Amino acid sequence: MSVAEALTARLRGMTRTARMWGSPQELEAAALHFTHALHLARAPDWTWAQTREAWGGPFADDVDEHRAMREKMYGANEAQARVQVVQGFVVVWASLARHPEREAVVGPWLEALLDGPELVETPDRLNMVLFSLMGFVAAEPQAYVNALNLERHRVGGHELRPLPVVAPPGASDAGLTYTRDFRSWSKVVEAIEAALARLSAP
């Protein structure tokens, strides 16, 4: 399977597993960056601005629910949360065994996000984008998960605690986004399907 085919398959899979991606805004962010990677696989000179224009949106709303989620995860400590996410993934990326063909396409963009994390806006979305792109590049998915768990434990004191959570060390329910009343999942799924349809058009 080519890298472009694998990226397409990943995007299709996201439409079937939408609620596993944290929140609608996190799902949309991850899908947007996978779409950008797919554009890059087909045209290496493709730009982020072109991807954003083609995507449209944003499609995920639930503004109040996302605000409440972020208040619980990091509140006023957004800068610290962003640093925790970046530093955690830098450590994992440095020792990650990588699929060479996928790294050739996705790796430069992933490293651009580590250098300029504000491109992904909020720390929770940054966490999801880096998690999903790095997982796509990983040659050994279980080793990647293990390394990420170790880094989560180092940063937050518990391997299940998301990197963006800023709180005393230890177990925390601040990342349990599935308890939120998000309503815009279907809008994001439709946006992913529309992007795939555009990319498959002759």
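So for region 7-21 (the condition being assigned to a loop (DSSP other than H, G, I, E, B), farther than 24 Å from V165 by Cα and among the aromatic types (F, W, Y)), does at least one residue qualify?
Looking for residues that are assigned to a loop (DSSP other than H, G, I, E, B), farther than 24 Å from V165 by Cα and among the aromatic types (F, W, Y), one finds none in region 7-21, hence no.
Would you mind stating whether H33 is in contact with a Ser or Thr (Cβ under 7 Å, 6 or more places away or on another chain), in a helix (DSSP H, G or I) and in contact (Cβ under 8 Å) with a residue 12 or more places away in the chain?
no
When you check D45 against the structure, is it acidic (D, E) and farther than 21 Å from P123 by Cβ, yes or no?
yes
Is it the case that some residue within region 176-183 is free of Cβ contacts under 8 Å to residues at least 60 places away in the same chain, surrounded by fewer than 16 Cβ atoms within 10 Å (Cβ to Cβ) and among the polar types (S, T, N, Q)?
yes
Per-residue answers, yes or no, for (1) among the basic types (K, R); (2) touching a helix residue (DSSP H, G or I) at 6+ places or on another chain (Cβ under 6 Å); (3) modelled with pLDDT of 95 or more:
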{"site": "E5", "(1), (2), (3)": "no, no, yes"}
{"site": "L11", "(1), (2), (3)": "no, yes, yes"}
{"site": "M14", "(1), (2), (3)": "no, yes, yes"}
{"site": "R19", "(1), (2), (3)": "yes, no, no"}
{"site": "G22", "(1), (2), (3)": "no, yes, no"}
{"site": "E26", "(1), (2), (3)": "no, yes, yes"}
{"site": "A30", "(1), (2), (3)": "no, yes, yes"}
{"site": "H33", "(1), (2), (3)": "no, yes, yes"}
{"site": "A37", "(1), (2), (3)": "no, yes, yes"}
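Going residue by residue through region 119-130, is there one that turns out to be among the basic types (K, R) and under 22 Å from A68 (Cα atoms)?
yes
Of all residues in region 184-202, which are surrounded by fewer than 19 Cβ atoms within 10 Å (Cβ to Cβ) and outside any helix (DSSP H, G or I)?
A201, P202
Limited to region 41-76, what total is found for residues that are farther than 19 Å from L27 by Cβ and either of a type in the set (S, T, Y) or in contact with a strand residue (DSSP E or B) (Cβ under 8 Å, 6 or more places away or on another chain) (or both)?
Counting residues in region 41-76 that are farther than 19 Å from L27 by Cβ and either of a type in the set (S, T, Y) or in contact with a strand residue (DSSP E or B) (Cβ under 8 Å, 6 or more places away or on another chain) (or both) gives 2.
Condition first: more than 26 Å from G107 (Cα to Cα) and either in contact (Cβ under 8 Å) with a residue 40 or more places away in the chain or touching a Phe, Trp or Tyr at 6+ places or on another chain (Cβ under 6 Å) (or both). Can you find one or more residues in region 51-60 that meet it?
yes
Of all the helices (runs of 4 or more DSSP H) wholly in region 41-149, which have at least 3 residues that are surrounded by 13 or more Cβ atoms within 10 Å (Cβ to Cβ) and more than 13 Å from the chain's Cα centre (by Cα)?
The qualifying helices (runs of 4 or more DSSP H) are 48-55, 63-73, 78-94, 100-115.
Determine if region 102-122 includes at least one residue that is in contact with a helix residue (DSSP H, G or I) (Cβ under 8 Å, 6 or more places away or on another chain), within 18 Å of R161 (Cα to Cα) and in contact (Cβ under 8 Å) with a residue 12 or more places away in the chain.
Yes, region 102-122 contains at least one residue that is in contact with a helix residue (DSSP H, G or I) (Cβ under 8 Å, 6 or more places away or on another chain), within 18 Å of R161 (Cα to Cα) and in contact (Cβ under 8 Å) with a residue 12 or more places away in the chain.
The values are calculated or read from the model by the stated rules, or taken from the named source; none is laboratory data. These figures come from a predicted structure and were not determined experimentally. Note that each Cβ is placed from the backbone with ideal geometry, even for glycine, and that neighbours are counted across all protein chains shown.
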